[in-house]
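Participant: Before we start, here is the structure in question, set down as structure tokens.
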């Protein structure tokens, strides 16, 4: 396998399916100790005051499997004074949202996700977010995001208020030169990685 993102000629012709396969395999190979250290680093980034501030509202999600971050990250952000909204999968359409109220407020949902059990606020709750964290397998340097393929976020992100930062959470190695894009893909405005922190796209 080509080093992810290092050989543009080798990866330029990869399909989305090929990218997903390669990125998922790379994530599965990350040792648990590295994932833990990276989750701690991401939590420190989010509670530094440079990305989101006390009193603001963050739309987040509970990382599952090999996704960067951890559920503890949400508690750290909430303890920092940030209100946290979490997604609820509602059929095949845009995501619904509910407030995060601690680990005991979560229940299993579709795709192995953990979802809040509180009152659903509707798909338009995204409009109150000051910043939206977006899961991703990879992102390229123009903001093209590769998700898991269900399409929920591509349907949801257009519902945010204009100018809301859309920040994908990825490992440092998952910021690559170029990913395949389609017209319906919603580009993110920045990424956050464990070691490089917030990287904005012009």
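Participant: Working carefully through the options 37, 25, find the one that is over 29 Å from residue 85 (Cα atoms), at pLDDT 95 or above and part of a helix (DSSP H, G or I).
Facilitator: Among 37, 25, only 25 is over 29 Å from residue 85 (Cα atoms), at pLDDT 95 or above and part of a helix (DSSP H, G or I).
Participant: Considering each of 65, 93, 60 in turn, give the residue that is within 20 Å of residue 155 (Cβ to Cβ), surrounded by fewer than 14 Cβ atoms within 10 Å (Cβ to Cβ) and in contact (Cβ under 8 Å) with a residue 40 or more places away in the chain.
Facilitator: When all the criteria are applied, what remains is 93.
Participant: Go through the range 98-202 and tell me which strands (runs of 3 or more DSSP E), entirely inside it, have 2 or more residues that are surrounded by fewer than 20 Cβ atoms within 10 Å (Cβ to Cβ).
Facilitator: Because the criterion is at least 2 residues that are surrounded by fewer than 20 Cβ atoms within 10 Å (Cβ to Cβ), the strands (runs of 3 or more DSSP E) in the range 98-202 that meet it are 106-108, 197-200.
Participant: On to the next question. Restricting to the range 19-39, and then to whatever is buried (at least 16 other Cβ atoms within 10 Å of the Cβ) and within 16 Å of the chain's Cα centre (by Cα), can you tell me which residue is nearest to residue 69 (Cα to Cα)?
Facilitator: Here the residue is 39.
Participant: Consider the range 75-97. How many of its residues are within 16 Å of residue 130 (Cβ to Cβ) and not in a strand (DSSP E or B)?
Facilitator: Residues that pass the stated criteria total 5.
Participant: Right, next: Hey, residue 152 hits all of (1) under 15 Å from the mean Cα position of the chain (by Cα); (2) closer than 19 Å to residue 22 by Cβ but one; which does it fall short on?
Facilitator: Of (1) under 15 Å from the mean Cα position of the chain (by Cα); (2) closer than 19 Å to residue 22 by Cβ, only one is false for residue 152: (2).
Participant: Out of the range 52-72, which residues are farther than 16 Å from residue 86 by Cα and modelled with pLDDT under 95?
Facilitator: 65, 66
The values are calculated or read from the model by the stated rules, or taken from the named source; none is laboratory data. These figures come from a predicted structure and were not determined experimentally. Positions of Cβ are generated from backbone atoms using ideal geometry, with glycine treated the same way; all protein chains shown enter the neighbour counts.
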